1. Taking the highest mean first, how do the peptides 353-360, 289-296 order by number of other beta carbon atoms within 10 angstrom per residue?
2. Counting just the Cα atoms, what span does segment 373-421 cover along each of its three principal axes? Round to the nearest Å and put the largest first.
3. What Kirkwood hydrodynamic radius, in Å, does segment 334-373 give when the mean of 1/r is taken over all pairs of distinct Cα atoms and then inverted?
4. 5 Å is the cut-off here: which amide hydrogens, built 1.01 Å from N in the peptide plane, fall below it relative to SER578, excluding neighbours closer than 5 in sequence?
5. Using θ = phi - 60° and the Karplus curve 6.51 cos²θ - 1.76 cosθ + 1.60, what whole-Hz ³J(HN,Hα) does each residue of segment 257-267 get, with Gly and Pro shown as x?
6. Would you kindly calculate the mean projected area, averaged across all directions, of the convex hull enclosing the Cα atoms of segment 304-353, in square nanometres?
7. Quick one: what Rg and Dmax do you get for segment 535-598 from the alpha carbons, in Å?
8. State the volume of the convex hull built on the alpha-carbon positions of the chain, expressed per residue in Å³ and rounded to an integer.
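The values are calculated or read from the model by the stated rules, or taken from the named source; none is laboratory data. Just so it is clear, the structure is predicted and the values come from calculations on it, not from any experiment. Positions of Cβ are generated from backbone atoms using ideal geometry, with glycine treated the same way; all protein chains shown enter the neighbour counts. Heads up: the accessible areas ignore ligands, DNA and RNA and are worked out on the full protein's heavy atoms, side chains in. Shrake-Rupley method; radii C 1.70, N 1.55, O 1.52, S 1.80 Å.
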Amino acid sequence: MKKTLIILLLLMSGFICNTLLHGQTLTGVVTDRASGETLPGANVVVAGTTIGTMTGMEGTYELELTPGDYSIVVSYVGYIGEEFSITLTDDERLTRDISLQPDITTFEEFVVVGYGTQQKRLVTGAISSVSAEEITSTPVLRVDQALQGRTAGVMVTNLSGQPGEPPTVRIRGAGTTGDASPLYIVDGLAVGSIDYLNPGDIESIDVLKDAASAAIYGARAANGVILITTKSGQEGVMNVTYSTYQGMQNVARTIDMLDAEQYRMMMNEGARNAGLTEPFDLNEIPQHNTNWQDALFASNAPLIHHELSVNGGTERSTYASSLSYFTQEGIIGGDKSRFDRITGRLNTRHDVNEFINFGSNMAYSNITTRGIASNASFNAAYGSALNIDPLTPVIEENENILNQAPYATEPVVTSSKGEVYGISRHIGSEIVNPLALLELQTGQSRVDKIVGNVFGEVEPVNNLKFNSSLGIDLAYVIYDSHTPLFYLNDAQLNTEKTNVSKSMHRHYTWQWENTLSWAREIGDHNISALAGVSASKYNFEDLSGFNAKVPINDPNHVYLNMATDTVWTAYGGALHNSLLSQFGRVLYDYQSRYAFNATLRRDGSSKF
């Protein structure tokens, strides 16, 4: 055994020595043909094999080979690859310098326009784009929040800090009365809202800001158009990605308010100026000095996101799928002001041959929202916190006071721990304890939403393509509300009977679009044309019920059939409207310098 091992080692040593003695070397420098600059990180590979190397910082490479004939491939991202043949003989050192031509088409930037894409430098209208990297560079709840500060002429304003509340989006100002919101197009489908979208699923956002760009979508585009493209799969091995982040929210700054001593001094001064008796004895020490902002604002309100994506495919079929979960609690209200969203997406594309392809983009979302009243002068938590006096305690603990009216005689509001919220006696009836007010915010909405489309494309002859797409936007919405017995002060109370209400509505939109596109390059002239028809129908129906005298106060277990009163009311309705449109567009450019764009659309609406 030992003899055999020694002989084998000697043979291997002889082989290695022979290779080193007779190995050949190919060296050179890879540069940019236009500028002459060296290209570090370029690949130099023997064609059809895994034998190769990369250029160093100076653009140089060195490749060890045995004698023989070789075909060498040199490639670099953004450049047109080069291939050359060499023959190596014994003890030969060969030098080959290579210059690569920049691939202009690789660097050409395209933007999504209505029913297609266009080279950005040939766009005649006002269009802004936001990439996937920009969208996910900061944690955002909604896709439209990613536009904030990134697109000129687009104003995104948050109405409040309440989780899930949509921001106001205005493109070049408010162009129409009533609803001035833009039209949202997701993967070619017009949708009513985009809160169901996971920002991690977005490939790009393109904003059509002027009339020339948005005209292809007709009157609905009067306030601008936001085109959203979701991610598609790429050919290659399956790629599994998991990403997560967790954050905490706190108030950056608060408003300076009067403390108890300052409040009593100001109230006394006001009374003197009005010729009234001073209400407070400044020699007494105030029993309470409440900082209502500190009491109201939650500390370290959580924000959590999880996302799992799987994508890949073959030469014929690609897929991109994802699952995500997002939750956020409000700085005011905590879990009483909360947004939860679960999303799932599957995008596929299949090439039957070089002339026929089809695919689908499907998304599901489940959204639960609990909100509190916001941006109101009265009956809103923050407004009350700024107006209520600092002499009132958040929680009343004095047994003597608790044994007196109204605490002992009225249905005062208590916390989840059974603590009694303090009632102010020093201000008007329109201001109440803000934390007691939060206990009465029991409204909750739940949305199940499916949005998607299936499409197919046929190229019967060169340069002529026919595309057909059928899409749906389906949502079920349930809203629950419960009002318990409560006493906030003499003006704001419900001491007679509890009530419960529930509403359910379903809205469903289908859209069918067919387009025929043609493109041709004739010398320095480039021309393309598009013609299409679009049909869509919107259906809405709802049902609501209300009743009183519910025997329990837990909003999570209150239902209509528990109510025992005879004031039962129910109502419902339905709404339908449809749209039938024809549209066309011609694009022309000369030497990619002079561009012309003509668009025409005709809408027929059942609203007229």
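1. On the way: 353-360: 14.1, 289-296: 17.4.
Peptide ranking by packing, descending: 289-296, 353-360.
2. Each principal axis gives a Cα extent; for segment 373-421 these are 35, 22, 19 Å.
3. On the way: mean 1/r = 0.0756 Å⁻¹.
With all distinct Cα pairs of segment 334-373 included, I get 13.2 Å.
4. HN-HN under 5 Å from SER578: TYR538, SER606, LYS607.
5. The phi angles translate into 10, 6, 8, 4, 5, 5, 5, 5, 5, 5, 5 Hz.
6. 4.0
7. For segment 535-598, the Cα-based Rg and Dmax read 27.4, 78 Å.
8. Taking only Cα atoms, the chain has a hull volume of 311 Å³ per residue.
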